[in-house]
Amino acid sequence: MKSSGDVNQDGTINILDLVLVGQNLGQKPPSDTRADVNKDGQVNILDLVLVTERLGENVAAAPSQVNTVKSVTFSSENIIVVQRALGELEAVPEKSHSVEVTIQFLRTWLTNANQNVTETKLLPNYPNPFNPETWIPYQLAEAADVSVKIYDVGGHLVRTISIGFKPVGYYLTRARAVYWDGRNEVGESVSSGVYFLQFVAGDFATTQQVVIVK
């Protein structure tokens, strides 16, 4: 039997149901079966849109209600999936009203998430090992100038990637993460081996190892 849209089963279809679906996006099978609104064994953008359709008269007000869920925590994995879902919906050529409202909700939700980053952090690059390119995700709890310096195992500087000043937020997807094409400062492809990424954001600095395999 399909869900009525009252995902959290509190007797009301509202923004909290959208949040519950959003927190389980990308799961197949879902860890919380309630979030699988259409009962197809996975939680995706269709489930979000179905809940939006069933918000009824409250649909236009749904995005503004996101203030009621500021206490909701966001994992970096969840942010990535939500950003991808937003990209998919924005690419829909002819958007229904429900799709438009879902897009507005996801944008508002991500804005809220970006404003509440509690820790500056460098996350594992992907893919790793890689050939010839990789993306380096990070998150900022404070606005800062961001740069990445890449060194070989001998400690020689291979490449500097200056990102510039970035506001507080998550930079996790390929569209937002730091990109390295596996080349040095003069545009030559570097050889296979271990390299070290030094990530600097204001006063924060950390280093992680990456591997190129050709």
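Straight distance only, please: which aspartates and glutamates reach the Cα of LYS28 with their own Cα at less than 17 Å, same-chain residues fewer than 8 apart left out?
Of all the aspartates and glutamates, those that pass the test against LYS28 - Cα under 17 Å, at least 8 places apart if same chain - are ASP36, ASP40, ASP47, GLU77.
Provide the FRET efficiency to the nearest 0.05 for the SER31-VAL186 pair, computing r from the beta carbons and using R0 = 45 Å.
For SER31 and VAL186, the calculated efficiency is 0.40.
For region 127-214, what's the relative contact order in percent, using C-alpha pairs closer than 8 Å and at least 6 residues apart?
Rounded, it is 37 percent for region 127-214.
Quote the charge dipole size of the chain about the Cα centre in Debye, to the nearest 20; the model charges only the Cβ of Lys and Arg (+1) and of Asp and Glu (-1).
Around 300 debye, computed over the chain.
By how many degrees, 0 to 90 and rounded to 10, does the Cα axis of helix 76-90 deviate from the longest principal axis of the chain?
70 degrees
For LYS95 and ILE161 in one chain, what is 0.36 nm times their gap in residues minus the Cα-Cα distance, to one decimal in nm?
Between LYS95 and ILE161, full extension yields 20.0 nm more.
Among (1) 15.9, 50; (2) 20.2, 64; (3) 16.1, 46, find the value of Rg and Dmax of the Cα atoms in Å that was calculated from the structure presented, and write down its label.
Label (2) holds the value from this structure.
Order 84-96, 40-52 from most to least packed using the mean count of other Cβ atoms within 10 Å.
My ranking of the peptides, most packed first, is 40-52, 84-96.
Under 8 Å for C-alpha pairs, at least 6 residues apart: give me the relative contact order for the chain, rounded to a whole percent.
Details: 379 pairs, mean separation 32.1, N = 214.
Across the chain, relative contact order equals 15 percent.
Would you calculate a helix-derived [θ] at 222 nm for the chain, using -39,500 (n - 2.57) for each DSSP H run of n ≥ 4 and dividing by the full residue count, to the nearest 500? Mind showing how you got there, number by number?
Working: 4 runs with 52 residues, N = 214.
Computed ellipticity for the chain at 222 nm equals -7500 deg cm²/dmol.
Taking θ = phi - 60°, what integer Hz values does the Karplus form 6.51 cos²θ - 1.76 cosθ + 1.60 yield along region 174-190, in sequence order, with x for Gly and Pro?
For region 174-190, the Karplus-derived couplings read 4, 6, 10, 6, 5, 10, 10, 8, x, 10, 8, 4, 9, x, 8, 5, 7 Hz, x marking Gly and Pro.
No value in this document is a laboratory result; all are computed from the given coordinates. A quick note: this is a predicted structure, and the numbers were derived from the prediction, not measured. Neighbour counts are summed over all protein chains in view; Cβ atoms, including those assigned to glycine, are modelled from backbone coordinates with ideal geometry.
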